[in-house]
Amino acid sequence: MRILIADDHDVVRAGLKQLLLERKGWEVCGEASTGRQAVALAQDTKPDVVVMDIAMPELNGLEAARQIRKSLPKTEIVILTLHLSDQLAYEIIDAGIRGYVLKSDCNHDLVNAVEALGMHRPFFTAKVSEMMMEGLRGEKPRELHNEARGRLTGRQREIVQLLAEGKTSKEVAVALNISVKTAETHRANIMRRLELHSVSELVRYAVKNQIIEV
Amino acid sequence: MNRVLVVDDHAVLRRGIQSIVRAWPGWEIAGEAGSGEEAVRLNSLLKPDIILMDISMPGIGGLEATKLICQQQPEAKILLLTLHDSIEWVRTAFQAGARGYLLKSDTEAELMRALETVAANRVYASPRLDSARIKSIVNDLGLVAPTGMLPSDGAA
């Protein structure tokens, strides 16, 4: 089994690597510290499973997962995160992710998740499954979900993250390999669509919709 | 040989820290704890040279555990490891008795640099934090580092 690890913290990657390499026949084929790096490494190495944090710079784990699932449908993804929220559960299901483990869950939960996903079986720990069931019963998360996802395209969400992280249009253009003019057009369309008038409003939108974390 | 007690409620993080520390010559793991309460107990039992501790943990948390340990053992060397990059947290951490403040977003090399600094009885703060403000906190609290490590190179 070939596994790609994506987390912006060195200590977490070191821990994950050691944990996963204890299993016979498992190999860590790459390590990424940003979502964008994870997408590029996944395309290069074609892993069986990606273990991915959500809160990463440049491109968050959810957007990275959507891109990986789109280009590599056989690659499974386990989200490993600090957070537990029903909003996130919707986002995860929507992104085609079939594994979700909390950093506070036990090490063996993560190993079991990777093992299950390696066989293309979904894996959610008991705590996560319970939270998802609660979320499915309520209407509020669905409304939030629609607000977060329905109004922007994937590309626009990527640009929102970069702008909310303080990048200029020129830096966005370089990061996404597009022209400055295209980046500016995207920026204007996003602001218009979301009815926002300043970068600080954009940052608030990004935090509220879990595109970035503060 | 410097012996480290690793305290974090996330098992994956404890594992990562241990693998980094073990690979470094002159360092070994004294033990690991998953809570502040356990850290206080294991500190008395294992007598580590240095404690590397998360701040946000269920129960008493890293700051309260730091205070308790320092009450029992004022010379304890505690390096806090956290996601909080606010300068006010640094002040609170140093007031509690910690002598180092490292961010989880810092690199492996920085982790070892922080451990080496605190183990040498010096005060350490992550280079990602505002060094001038760190220096001011260190001065306010009278934490004069014996060897005079400068904030501009990542320690105060």
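The values are calculated or read from the model by the stated rules, or taken from the named source; none is laboratory data. Here the structure is a predicted model, which means the values were calculated and not measured. Cβ placement follows ideal geometry from the backbone for every residue including glycine, while neighbour counts extend to all protein chains displayed.
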Completion exercise
Within the range B:59-71, residues within 16 Å of B:Arg99 (Cβ to Cβ) and not β-branched (Val, Ile, Thr) come out as B:Gly62, B:Leu63, B:Ala65, B:Lys67, B:Leu68, B:Cys70, B:Gln71
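State all residues of the range A:89-119 that are among the small types (Gly, Ala, Ser) and at pLDDT below 80; if no residue qualifies, say none. Before the answer, list the steps.
Step one: filter the range A:89-119 for residues among the small types (Gly, Ala, Ser), giving A:89, A:95-96, A:99, A:104, A:113, A:116, A:118.
If the condition is that a residue be among the small types (Gly, Ala, Ser) and at pLDDT below 80, then A:Ala89, A:Ser104 are the ones that fit.
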Problem - Among the candidates A:Glu184, A:Glu158, A:Glu165, A:Glu171, residue that is charged (D, E, K, R), farther than 24 Å from A:Ala55 by Cβ and either surrounded by 14 or more Cβ atoms within 10 Å (Cβ to Cβ) or more than 21 Å from the chain's Cα centre (by Cα) (or both) - result: A:Glu184
Handout entry: Test for B:Asp106: is it surrounded by 16 or more Cβ atoms within 10 Å (Cβ to Cβ) and closer than 28 Å to B:Asp130 by Cβ
Key = yes
Exercise for the section: With the checklist (1) within 14 Å of chain A (Cβ to nearest Cβ); (2) touching a helix residue (DSSP H, G or I) at 6+ places or on another chain (Cβ under 6 Å) in hand, flag the one item B:Lys104 doesn't pass. Expected result: (2)
Exercise for the section: Please give the number of the condition A:Val50 fails out of (1) among the hydrophobic types (A, V, I, L, M, F, W, C); (2) within 10 Å of chain B (Cβ to nearest Cβ); (3) part of a strand (DSSP E or B). Expected result: (2)
Exercise for the section: Answer with yes or no whether A:Leu144 is at pLDDT 75 or above, under 22 Å from A:Leu59 (Cβ atoms) and surrounded by 13 or more Cβ atoms within 10 Å (Cβ to Cβ). Expected result: no
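Could you list, in sequence order, all residues of the range B:132-144 that are farther than 16 Å from B:His84 by Cα, at pLDDT 85 or above and either assigned to a loop (DSSP other than H, G, I, E, B) or not aliphatic (A, V, I, L, M) (or both)? Steps first, please.
Initially, the range B:132-144 is screened for residues farther than 16 Å from B:His84 by Cα, giving B:132, B:135-144.
Restricting the remaining residues to those that are at pLDDT 85 or above gives B:132, B:135-141.
Passing the criteria: B:Lys135, B:Ser136, B:Asn139, B:Asp140, B:Leu141.
Residue-by-condition table, conditions (1) within 10 Å of chain A (Cβ to nearest Cβ); (2) surrounded by fewer than 20 Cβ atoms within 10 Å (Cβ to Cβ); (3) not in a helix (DSSP H, G or I):
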| position | (1), (2), (3) |
| --- | --- |
| B:Asp9 | yes, no, yes |
| B:Leu13 | yes, no, no |
| B:Ile17 | yes, no, no |
| B:Pro25 | no, yes, yes |
| B:Glu37 | no, yes, no |
| B:Asn43 | no, no, no |
| B:Met53 | no, no, yes |
Completion exercise
Picked from the range A:1-26 (must be among the basic types (Lys, Arg) and in contact with an Asp or Glu (Cβ under 6 Å, 6 or more places away or on another chain)), the residue farthest from the other protein chains (Cβ to nearest Cβ) is A:Arg2
